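Comments concern the structure below.
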Amino acid sequence: MQKTVEKFSVLYLQILMGNGECDEKDMPYLSKRQIQEIYFFMVLARKLDERMLNLQRQGRIGTFAPSKGQEASSVGSAYALEPKDWIIPSFREIGGLLVRGMPIDQYLLYYAGDERGSNLPKGINIFPTSIPVGTQPAHAVGFAIAARMKKENLVVITYFGDGGTSEGDFHEAMNFAGIFFAPVVFICQNNQYAISVPRSKQTRASTIAQKAISYGFPGIQVDGNDVFAVYKATLDAVKRARDGNGPTFIECVTYRLGDHTTADDASKYRQQKEVDEWSKKDPILRLRKYLENMKMWSAKEEDALLKDIAEKIESAVKSMENKEPPCVDDMFKFMYEKMPWYLQEQLSSLKERTSEGE
Amino acid sequence: MVSALNQALFCEMELDENIVVLGEDVGIDGGVFRVTEGLWQRFGSERIIDTPLGESGIVGVAIGMAAYGLRPVVEIQFSGFSYPAFDQLISHASRLRNRSRGRFSCPLVVRTPYGGGVRALEHHSESMEALYAHVPGLKVVIPSGPYDAKGLLSSAIRDPDPVIFYEPKRVYRAIKEEVPEKAYTIPIGEAKVIQNGNDVTIISWGAMIRECKEAIDKIDASAELIDIRTLKPLDFKTILNSVKKTGRVVIVHEAPRTGGFGAEIASLIAEHGLLHLEAPIMRVTGFDTIFPLAKLEKSYLPDERITAGIKKVLEF
Ligand SMILES: Cc1ncc(C[n+]2csc(CCOP(=O)(O)OP(=O)(O)O)c2C)c(N)n1
């Protein structure tokens, strides 16, 4: 005897079309002010990215991973959170971090090679940047289980790329989330590349979203350049998690318009034509068209917004550059709660040397 | 060094069709440091394999390939990302020969850039060779310049057992040396006396060799500089001969101090050469801290601390 014991399908969600028109049926409720705020964060992320590229070229900050083109994925998802919720990020979500209150000067400081940039003020629910790919989703699961044990009704959202879904740790995190029904939302920013390796070489599966199904929870694919679709999918997932209905996986189909990092040259492995095609789907342009179509935005407002953003960024750059240099204690202070004898010895020998050098 | 390594791969792959290269971005991109540049164009995607982003999978698959008769050369993009594969290396690569009582072997090379001094992001600067040197069944090789890099990589590829090949990225493009075009080998397990001297023995490896040379130039004494080149198996004879001559030892590594490979060398000297010593053994190392971000990395890495260490040992 043979029979089908399970069947699966994967939903795809798009709300905002390329021409700025939107599918009213799926459109989540957002006030005019909220939509303008979403637009603000997306443009802020883009402008910060541009400014950072420029600072990096001048040697004023170090290597970083630009997020140009992915603003809808990170802003749209983070915007669906409540203040008490948490983000467990990787390294390409500046948009989402800004939504959650990441101070720009601290972000810059970190990329200028100063650890103090990672010490976020209490109340900003962002876990530190995680560079080892695919490792942090497990932390999100643990965070979420712990919060549930403490009867705090919060949701944890974690970000990673398409490449990240090839790491073993990612799969273990997904499995744990399914087993323990953790209030976690997994956001995969499928930007089509892991450095030079295209999405098609990361998995034989036709969608990344379907990975969730094998762990026993829903996975949905959304147009990652459509901020309304990302927002709606995340809002639904957050609600599920908050209501005790377990994890959700969201694959945001987007595109990395820039290089992988400032140390990369994407023209080595992809065609300009492809980049041009995706540029037409720019998430910011699309939202702007919507705002204009809906008569929610004027040239005057755009000018004011750009001016405001430029001021915010410049003042953060100043604050980053005016920061006094870190002292060597910073290297030792946070190794343990109490500094053991050998670190004390190492630190004082280093300090002796530095003061001799002066 | 990048082009010397690249040449070693080219030469060896021309000579032995069983050699395959696996790693993240090793194909069309030529590796993020360009060590595999041009290989994909020459040898095709069956032998130059762009893998999914999973280090454990890369090394695990390479172990299977090695056991079945291929000679895989794995690139782990940065040594800081080798840990997902640690289990495969410790639990399998290092044990296959022993476990199968010699029926299987694991002729695998894991190449990976290590070390600081390049103002990198977190996890891109550390030096964890001692972890690998601690594992029974692995060999650990670290070249310090282009000539050695090519010869040692060829040897590693031809070696019948698993070799961790740690590449000092700080000097990837910083040292120029004549490198023969043809394939040649430098034996694994042989140290090199870079400079002869009578007053003090300086022992180091990798990127720190250059720093040691600079430090020696600043002191007024006859220093003998030994580049161990292979941590495991260590050429202790060369070290002991030198210690017998000088009676004074400085060991330099950028890796953290506690449990660093310097400790192993120091205890070997204590076991076999104590009576030749005229001063306590000195270690100049990185600190027992997380490798800091760019702004503090100069304070972390041994630099003028090497000169100071040598002076102290000489003055004892
Ligand atoms: C465990 C691990 N392996 C390798 C790297 C080097 N690396 C950094 S980013 C990256 C590609 C990541 O691709 P993806 O997960 O798709 O995210 P994206 O960078 O495209 O946002 C690689 C290979 C790393 N950081 N961590």
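In a DSSP loop and with at most 15 other Cβ atoms within 10 Å, the chymotrypsin sites (Phe, Trp or Tyr not before Pro) in the stretch B:166-247 are B:TYR184. Taken about its Cα centre, the stretch B:192-314 carries a charge dipole of about 80 debye when Lys and Arg each add +1 at the Cβ and Asp and Glu each add -1 at the Cβ. Distance from the Cα centroid of the stretch B:94-133 to that of the stretch B:3-21 is 19 Å (rounded to whole angstrom).
Peptides B:108-115, A:82-89, A:303-310 ranked from most to least packed give B:108-115, A:82-89, A:303-310, packing being the mean of other C-beta atoms within 10 angstrom over each peptide's residues.
Note on the stretch A:103-135 and the stretch A:44-90: Cα centroid distance 11 Å, given to the nearest whole angstrom. Taken one residue at a time, the phi angles of the stretch A:224-235 give Karplus couplings (6.51, -1.76, 1.60, θ = phi - 60°) of x, 9, 10, 5, 5, 5, 5, 4, 4, 4, 5, 4 Hz. Gly and Pro are set to x.
When chain B is described by a simple charge dipole with +1 on each Lys and Arg Cβ and -1 on each Asp and Glu Cβ, the residue from B:LEU15, B:SER100, B:TYR68 located farthest towards its positive end is B:SER100. Counting only other chain Cβ atoms within 10 Å of each residue's Cβ, the peptide B:114-121 averages 3. Candidate cross-link partners of A:LYS273 among the lysines, defined by an alpha-carbon separation under 16 Å and a same-chain spacing of 8 or more, comprise A:LYS281. Are there chymotrypsin sites (Phe, Trp or Tyr not before Pro) in the stretch A:1-42 that DSSP puts in a loop and that have at most 11 other Cβ atoms within 10 Å, and which ones? Loop-located and lightly packed - A:PHE8, A:TYR29. For the residues B:PRO302, B:PRO180, B:PRO143, a GNM of chain B with alpha-carbon springs under 10 Å puts the largest fluctuation on B:PRO180.
Label positions at A:ARG33 and A:PHE334, each projected 7 Å from the Cα along the C-beta direction, are separated by 3.6 nm. If one takes the longest principal axis of the Cα atoms in chain A, at what angle in degrees, from 0 to 90 and to the nearest 10, does the Cα axis of helix A:341-357 lie? Approximately 60 degrees, to the nearest ten. Taking every residue in B:45-54 and counting other chain Cβ atoms within 10 Å of its Cβ, the average works out to 5. On a 29 Å Cα-Cα criterion, which of the cross-link pairs A:LYS318/B:LYS169; B:LYS245/B:LYS311; A:LYS32/A:LYS239 come out too long? Pairs exceeding 29 Å: A:LYS318/B:LYS169.
Rounded to the nearest 5, what % of DSSP beta bridges with both residues in the stretch B:192-314 are antiparallel? Percentage antiparallel, nearest 5: 20. Taking the Cα centre of the protein assembly as shown as origin and assigning +1 to Lys and Arg Cβ atoms and -1 to Asp and Glu Cβ atoms, the resulting dipole is close to 1000 debye. Ignoring aspartates and glutamates fewer than eight residues from B:LYS182 along the same chain, the ones with Cα atoms less than 15 angstrom from its Cα are B:GLU12, B:GLU14, B:ASP16, B:ASP148.
Inter-chain Cβ neighbour count for B:292-302, averaged per residue, equals 6 (cutoff 10 Å, partner chain atoms only).
The Cα center of the stretch A:281-327 and the Cα center of the stretch B:136-156 differ in position by 51 Å.
Scoring B:274-283, A:137-146 by mean Cβ neighbours within 10 Å over their residues and listing the highest first yields A:137-146, B:274-283. If the cut-off is 19 Å between C-alpha atoms, which aspartates and glutamates fall inside it for A:LYS300, apart from same-chain ones fewer than 8 positions away? Once the sequence-local aspartates and glutamates are set aside, what remains near A:LYS300 is A:GLU37, A:GLU292, A:ASP308, A:GLU311.
Take B:151-158, A:129-136 and order them by the average number of nearby Cβ atoms within 10 Å per residue, most first; the result is B:151-158, A:129-136. Just rank B:VAL20, A:VAL156, fewest to most, by other beta-carbon atoms within 10 angstrom. Neighbour counts put them in this order, fewest first: B:VAL20, A:VAL156.
What does DSSP give for chain A in terms of the percent of beta bridges that are antiparallel, rounded to the nearest 5? Close to 10 percent.
Here the protein assembly as shown carries DSSP beta bridges of which approximately 10% are antiparallel, counting only pairs with both residues inside.
Across the stretch B:181-189, rounded Karplus estimates of 3J(HN,Hα) from the backbone phi angles (6.51 cos²θ - 1.76 cosθ + 1.60, θ = phi - 60°) give 6, 6, 5, 8, 10, 10, x, 6, x Hz, Gly and Pro being marked x.
Since every read-out is calculated from the coordinates, none of them should be taken as a lab result. All values reported here derive from a predicted model rather than from experimental measurement. Note that we place each Cβ from the backbone using ideal geometry, even for glycine, and neighbour counts take in every protein chain shown.
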